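Notes to accompany the following structure.
The values are calculated or read from the model by the stated rules, or taken from the named source; none is laboratory data. If you're wondering where the values come from, they're calculated on a predicted model, not measured in any experiment. Neighbour counts are summed over all protein chains in view; Cβ atoms, including those assigned to glycine, are modelled from backbone coordinates with ideal geometry. All accessible areas refer to the heavy atoms of the entire protein, side chains included, with ligands and DNA or RNA removed. Shrake-Rupley method; radii C 1.70, N 1.55, O 1.52, S 1.80 Å.
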Amino acid sequence: MTSADVAQVVVEFYTTSDGEKRKQLHDWLLHAQKGPNAWQIALDLLQTDKPHTVQYFAANCLYDTVTKRWEECLSSAEMVESLKAFLLKHLTSNSHVQTITNKMSSTLALVALHCMPDVWPNPVADLTAIWAPQPELLLRVLAEFPTEFLRVRMPLTQRGVLKSELHKAAKDIIVIVGAVLSQEDSPSIRNAAVDCVEQWLKLPGVSLDDWRPLLVAVLSSLRNDSSALARLLTVLSIHDDLLQLEQLVLDLAELIATDVRADLEPQLGDEEEDTTALIVALVQFAERAARLLLIETAKGNARAANSLQSICDLFVRVSTVEGRYPDEESISDLPCVFWTTVREEALSLQDSRLSEEDARKLRDLIRPHYALLLQAAMNKLTYPPTAILDQWNLEAKESFDRYRKTMSDTAINAYTLLSGETMQYVLQTLAAAAQDANKAEAALFVWEQMADFQTSVDEPAIEALLSNAQAFNLNDDRLANTLLRLLRSLAHLIVTGDRVGTTYPQAIRTVLLLIDRSGTTQEALTTLDRFVEERIAELEPVANEVIESCYRHFADESSDTKGRLGALRCLGFALSLRPSNVILDSLNSLLAPRLGRLQQCVSAGSSQSMNDEDVLFELSVVSTLTGSLQRPVREGEPKAQGDSPVFLVLEQSFPLFEVLVTATNHNPQVVQRICDALNSGLCSLLDGATRLVPAYCRILSTVIVDGPAAFTVAKTLFLVFAQDSPTVLGENWTNWAGQVAHLATENVESDVLEPFLAFAYQLLKKNWPFCTGDSAVQALPHVMDTASAVMASSLQAPVVKQAAMLLAALVAKAAEAPALRELLSTRGPRLIIVAYTRLQTEILTSSVEFAADILFVFAGSYPQETRQCLAEALQQSPLVASMLNEVGNKRKFREFAKRINLAARKS
């Protein structure tokens with residue numbers, strides 16, 4: 001392979017239009033780059049008489065070879081000197097196009113890094129002496145030193161030495177850049193200087209303090225170069241040392257507040273890409289400097305105060321720039337993070353470092369800015385007229401929605417610093433814009449953002465809003481939905497406030513107006529649910545209105561299923577406040593038709609009818625009623641069981657549930673809906689459901705291996721009734737454990753096993769006396785068999801962890817109970833083998849620890865038997881013997897288990 005061959009292939013690669021041929025040539029060139037004579041080929045082809053494509057390939061080949069095969073070059077001092085001389089000559093000649101020059105600059109920097117400090121002690125000084133007449137070239141090459149340092153691959157010790165050398169060289173770079181800028185003023189040289197400073201500031205560990213005098217000078221010289229100024233400010237903003245150099249921060253803030261502001265403000269209307277980049281960089285710097293500027297301002301530092309005031313004025317101009325986002329302007333959201341930081345820091349200082357008087361002065365200084373921002377935001381957050389909005393494409397609409405979310409902090413900032421004035425302005429805007437749907441919606445949106453921060457002081461404003469709500473154009477869906485979200489956000493004040501007797505019914509009636517409108521139904525039902533779920537006494541005056549409106553929506557079969565069930569849930573909450581006889585009468589009209597339709601489905605017996613969405617809907621109706629109908633227990637009232645509406649719903653539904661499971665062939669969706677109904681009923685009744693425990697157990701026995709849903713119900717059932725009904729629950733628990741153990745022998749990856757193991761673990765940890773009772777103790781062998789089967793064979797890491805955790809806890813508990821020693825002795829050998837075998841596979845670290853805990857118990861309680869079970873392992877690995885010797889130290893026992901696991905995985 002000769003240089004001429006490579007040159008010919010490169011030319012052909014760039015000229016061929018045959019894709020397959022191009023791929024072959026690409027592979028050939030990659031092979032050539034790795035060849036033993038790649039050095040020489042690169043040097044031969046980096047000649048000005050060669051085509052640019054050939055030169056570019058050669059420059060990349062040389063860089064790649066230096067990067068990956070430097071040891072070959074270093075083995076010959078002549079080769080190192082030859083390479084340096086070649087690169088210096090070609091770079092000095094300035095006869096290559098810029099892309100090739102850039103790559104050779106990177107290569108020379110890489111050579112210098114590899115040679116420092118022994119082979120080439122001071123490359124910065126040498127290059128400065130050579131290229132003093134070519135300052136731009138010098139700066140471009142020097143800029144590559146820190147860039148290539150971040151990429152170079154070398155031993156850690158050598159890298160540390162090299163970084164120390166570069167830190168020393170940084171002081172020379174400061175002198176060089178300062179000298180060049182004092183003598184030259186061409187844009188290209190200034191840009192090269194900025195690039196050099198930027199790259200050296202990115203060098204890890206470089207001292208920013210050394211650069212302070214130069215930085216102010218460089219930044220001052222960049223007033224008319226927005227792009228370069230933005231790049232340098234960005235690097236400074238993220239530098240770790242910035243906030244430690246308070247004087248530098250104050251100097252830069254003053255520079256921004258005076259010179260940069262003066263140059264930037266006239267350009268705000270243009271919104272060029274460079275202008276936007278500069279604003280982003282200014283915001284980033286100002287955000288980091290905000291705390292220092294606030295502290296110094298509070299201390300009376302006039303210079304800092306003037307800088308802070310001027311920077312705030314600049315960002316107010318940006319935030320309030322004329323035009324509509326995003327089609328007329330796109331920068332007003334950029335300072336948002338700065339304004340939030342200033343607000344947070346000012347309040348933080350108020351609570352910690354400042355006197356009350358200083359904190360007040362600081363707030364007075366920044367408050368006017370936030371008032372202006374709120375006024376501007378009210379306009380900018382307003383949706384445009386429909387004619388304009390319809391012209392926006394999807395991207396513009398999504399951009400405006402994101403803009404509103406970003407600008408939402410403006411409301412929070414204003415309210416936090418100017419709560420009274422902010423609320424007054426919002427109410428005035430609402431009053432003035434009652435018939436302007438878009439303007440009113442914007443005011444409501446602003447109010448919604450700060451609602452979470454409001455207190456009882458704002459209750460008069462809430463009352464005023466609700467009194468005038470119907471004056472808004474509620475036919476506008478966007479306005480209506482925003483009003484509903486606002487009411488939901490204010491619910492904590494409406495439901496618990498001093499004016500609840502007035503505001504609560506007003507809020508309910510406002511929401512009810514919007515339930516039957518298709519564009520607002522979902523928000524209205526969600527909001528109504530928030531208000532009625534607590535079933536406070538103030539609901540009673542409007543309960544009939546809620547019941548009538550929600551029943552009408554529920555009965556409308558043209559409405560979507562989610563909306564109908566949401567309306568039924570709200571109906572249930574309101575109905576639960578009525579006397580028992582009213583509830584029972586209503587139940588007859590609500591529940592009887594649903595159960596009748598389910599009974600018809602069962603009687604029909606067709607698989608098609610069983611899978612119909614109507615069946616699932618009717619079951620959801622039962623679930624919704626059991627979750628919402630329970631009457632609130634007032635103080636002094638006894639708990640009732642028999643007359644509870646939820647109790648009656650469940651009692652009537654149980655027979656149908658059992659038949660439905662069988663009739664639908666244990667349809668997973670049907671089982672899920674039935675379990676939802678059972679669980680919501682339990683959560684409503686809690687200990688009021690004692691009489692239903694046998695019925696619950698009967699249904700759960702039917703569906704216990706049909707999926708995870710049954711164990712959600714079982715957890716609640718056992719948590720509440722394990723002490724009151726130990727016999728019934730113990731017998732059923734034994735039965736279920738036996739069913740699952742049988743399932744585990746057939747399908748160890750069943751999705752039932754993980755929830756079963758989690759349920760068993762909860763039972764074990766929270767109610768061990770129940771587990772060892774006469775009725776439930778027979779379940780323990782089944783539990784142990786299931787967990788050991790899963791631990792031995794499952795491929796699902798989380799399930800294996802659950803099984804190991806359960807076994808570790810069960811074995812530890814059983815070892816302390818004399819009555820269970822027989823269980824350990826009969827199941828012990830298998831558990832020992834399972835635990836040790838699982839250590840030989842790739843499992844979670846926590847699973848390794850649980851497996852070790854199992855072995856730890858057996859090694860301590862049955863040392864001889866354990867060693868017999870692990871006889872073969874003891875012969876193969878000394879780690880096993882060391883582990884078994886640590887029966888008195890659980891931590892060391894675990895550590896040896898981890899080492900055994902690691903060794904097995906490596907082998």
Check: Is it the case that segment 752-759 has a residue that's surrounded by fewer than 21 Cβ atoms within 10 Å (Cβ to Cβ), out of contact with any helix residue (DSSP H, G or I) (no Cβ under 8 Å at 6 or more places or on another chain) and either assigned to a helix (DSSP H, G or I) or of a type in the set (Gly, Ala, Ser) (or both)?
Finding: no
Check: Pick from Ser549, Ser559, Ser518, Ser576: which is open to solvent by less than 10 Å² (accessible area, probe 1.4 Å) and touching an Asp or Glu at 6+ places or on another chain (Cβ under 9 Å)?
Finding: Ser549
Next item on the list: Would you be able to say whether some residue in segment 876-895 is among the basic types (Lys, Arg), on the phi < 0 side of the Ramachandran plot and buried (at least 16 other Cβ atoms within 10 Å of the Cβ)?
Entry: yes
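Can you name the residue in segment 243-273 that is farther than 19 Å from Ser307 by Cβ and open to solvent by 50 Å² or more (accessible area, probe 1.4 Å) and, of all such residues, is modelled with the lowest pLDDT? Walk me through how you get there before you give the answer.
The initial filter retains those residues of segment 243-273 that are farther than 19 Å from Ser307 by Cβ, namely 266-273.
If we keep only those that are open to solvent by 50 Å² or more (accessible area, probe 1.4 Å) as well, we get 266-267, 269-270, 272-273.
Working: Pro266: 90, Gln267: 88, Gly269: 77, Asp270: 74, Glu272: 79, Glu273: 84.
Of everything passing the filter in segment 243-273, Asp270 is modelled with the lowest pLDDT.
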Margin query: Please go through segment 21-68 and give me each residue that is surrounded by fewer than 14 Cβ atoms within 10 Å (Cβ to Cβ), assigned to a loop (DSSP other than H, G, I, E, B) and among the charged types (D, E, K, R), ordered by number.
Written below: Lys34, Asp49
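Give me a count of the residues in segment 849-871 that are open to solvent by 20 Å² or more (accessible area, probe 1.4 Å) and outside any helix (DSSP H, G or I). Step through it out loud before you land on a result.
So in segment 849-871, the residues open to solvent by 20 Å² or more (accessible area, probe 1.4 Å) come out as 849-850, 856-857, 860-865, 867-869, 871.
Pick out the ones that are also outside any helix (DSSP H, G or I) and you get 862.
Residues that pass the stated criteria total 1.
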Next item on the list: Would you mind telling me which numbered condition in (1) in contact (Cβ under 8 Å) with a residue 60 or more places away in the chain; (2) surrounded by 22 or more Cβ atoms within 10 Å (Cβ to Cβ) Leu278 fails?
Entry: (1)
Notebook entry, point to check: Looking only at segment 465-490, which residues are open to solvent by less than 40 Å² (accessible area, probe 1.4 Å) and over 14 Å from Ala437 (Cβ atoms)?
Noted result: Leu465, Leu466, Leu484, Leu486, Leu487, Ser489, Leu490
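Results for (1) more than 22 Å from Gln599 (Cβ to Cβ); (2) touching a Ser or Thr at 6+ places or on another chain (Cβ under 8 Å); (3) part of a helix (DSSP H, G or I), shown as yes or no for each residue.
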{"site": "Asn665", "(1), (2), (3)": "no, yes, no"}
{"site": "Gln669", "(1), (2), (3)": "no, no, yes"}
{"site": "Gln672", "(1), (2), (3)": "no, no, yes"}
{"site": "Ser684", "(1), (2), (3)": "yes, yes, yes"}
{"site": "Arg691", "(1), (2), (3)": "yes, no, yes"}
{"site": "Ile699", "(1), (2), (3)": "no, no, yes"}
{"site": "Gly707", "(1), (2), (3)": "yes, no, no"}
{"site": "Ala744", "(1), (2), (3)": "yes, yes, yes"}
Checklist line | When residues of segment 75-99 are limited to those that are under 23 Å from Arg153 (Cα atoms) and open to solvent by less than 10 Å² (accessible area, probe 1.4 Å), the one modelled with the highest pLDDT | finding: Leu87
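Of Asp409, Asp452, which residue is touching a residue at least 12 places away in the same chain (Cβ under 8 Å), within 25 Å of Leu365 (Cβ to Cβ), among the acidic types (Asp, Glu) and in contact with a Ser or Thr (Cβ under 7 Å, 6 or more places away or on another chain)?
On the way: Asp452 fails: within 25 Å of Leu365 (Cβ to Cβ).
On inspection, the qualifying residue turns out to be Asp409.
Name the residue that is surrounded by the fewest Cβ atoms within 10 Å (Cβ to Cβ), counting only residues in segment 801-848 that are not in a helix (DSSP H, G or I) and not hydroxyl-bearing (Ser, Thr, Tyr). Spell out how you get there, then give the answer.
At the first step, the residues of segment 801-848 found to be not in a helix (DSSP H, G or I) are 816-817, 840-844.
If we keep only those that are not hydroxyl-bearing (Ser, Thr, Tyr) as well, we get 816-817, 840, 842-844.
Numbers: Glu816: 11, Ala817: 14, Gln840: 14, Glu842: 9, Ile843: 19, Leu844: 13.
Only one residue tops the list, namely Glu842.
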Next item on the list: Hey, can you tell me all the residues within segment 659-698 that are over 37 Å from the mean Cα position of the chain (by Cα), modelled with pLDDT under 85 and either open to solvent by 60 Å² or more (accessible area, probe 1.4 Å) or on the phi > 0 side of the Ramachandran plot (or both)?
Entry: Thr662, Asn665, Asp687
Margin query: When you scan segment 16-31, do you find a residue that is at pLDDT below 85 and among the hydrophobic types (A, V, I, L, M, F, W, C), even just one?
Written below: no
Next item on the list: Determine if segment 882-900 includes at least one residue that is in a helix (DSSP H, G or I), farther than 20 Å from Val790 by Cα and in contact (Cβ under 8 Å) with a residue 60 or more places away in the chain.
Entry: yes
Check: Just wondering, is there one or more residues in segment 293-316 that are closer than 19 Å to Glu273 by Cα, open to solvent by 20 Å² or more (accessible area, probe 1.4 Å) and in contact with an Asp or Glu (Cβ under 7 Å, 6 or more places away or on another chain)?
Finding: no
Notebook entry, point to check: Of the residues in segment 412-447, how many are in contact (Cβ under 8 Å) with a residue 40 or more places away in the chain, farther than 18 Å from Arg367 by Cβ and of a type in the set (Phe, Trp, Tyr)?
Noted result: 1
Note to self: Considering only residues that are more than 20 Å from Val260 (Cα to Cα), among the small types (Gly, Ala, Ser) and buried (at least 22 other Cβ atoms within 10 Å of the Cβ), which ones fall in segment 190-242?
What the structure shows: Ala192
Next item on the list: Could you tell me whether Glu523 is part of a helix (DSSP H, G or I), at pLDDT 95 or above and open to solvent by less than 70 Å² (accessible area, probe 1.4 Å)?
Entry: yes
Check: So Glu72 fits all but one of (1) out of contact with any Cys (no Cβ under 7 Å at 6 or more places or on another chain); (2) open to solvent by 40 Å² or more (accessible area, probe 1.4 Å); (3) assigned to a helix (DSSP H, G or I); (4) in contact (Cβ under 8 Å) with a residue 40 or more places away in the chain; what number is the exception?
Finding: (4)
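Looking for whichever is farther than 19 Å from Ile173 by Cβ, of a type in the set (A, V, I, L, M, F, W, C) and either in contact with a strand residue (DSSP E or B) (Cβ under 8 Å, 6 or more places away or on another chain) or surrounded by 12 or more Cβ atoms within 10 Å (Cβ to Cβ) (or both) here; the options are Val152, Val124, Val119, Val111. Which one fits? Even if it seems obvious, please write down each step before you answer.
On the way: Val152 fails: farther than 19 Å from Ile173 by Cβ; Val124 fails: farther than 19 Å from Ile173 by Cβ; Val111 fails: farther than 19 Å from Ile173 by Cβ.
Just one listed residue meets the conditions, Val119.
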Margin query: For the list (1) open to solvent by 60 Å² or more (accessible area, probe 1.4 Å); (2) within 30 Å of the chain's Cα centre (by Cα), I need the number of the one condition that Asp327 fails.
Written below: (2)
Next item on the list: With the checklist (1) modelled with pLDDT under 90; (2) aliphatic (A, V, I, L, M); (3) in contact with a Lys or Arg (Cβ under 9 Å, 6 or more places away or on another chain) in hand, flag the one item Val720 doesn't pass.
Entry: (3)
Note to self: Exactly one of these conditions fails for Asp612: (1) modelled with pLDDT of 80 or more; (2) acidic (Asp, Glu); (3) within 20 Å of Thr561 (Cβ to Cβ). Give me its number.
What the structure shows: (1)
Checklist line | Filter pass, Ser164 being open to solvent by 40 Å² or more (accessible area, probe 1.4 Å), out of contact with any Lys or Arg (no Cβ under 8 Å at 6 or more places or on another chain) and within 30 Å of Asp64 (Cβ to Cβ) | finding: yes
Note to self: Which pairs turn up if I take residues in segment 836-865 that are within 20 Å of Gly888 (Cβ to Cβ) and without any contact (Cβ under 8 Å) to a residue 24 or more places away in the chain and look for partners that are open to solvent by 20 Å² or more (accessible area, probe 1.4 Å) and not in a loop (DSSP other than H, G, I, E, B) with beta carbon separation below 8 Å, at least 6 apart in sequence or on another chain?
What the structure shows: none
Check: Do the conditions hold for Ser623, that is, is it within 26 Å of Arg552 (Cβ to Cβ), surrounded by 22 or more Cβ atoms within 10 Å (Cβ to Cβ) and modelled with pLDDT of 85 or more?
Finding: yes
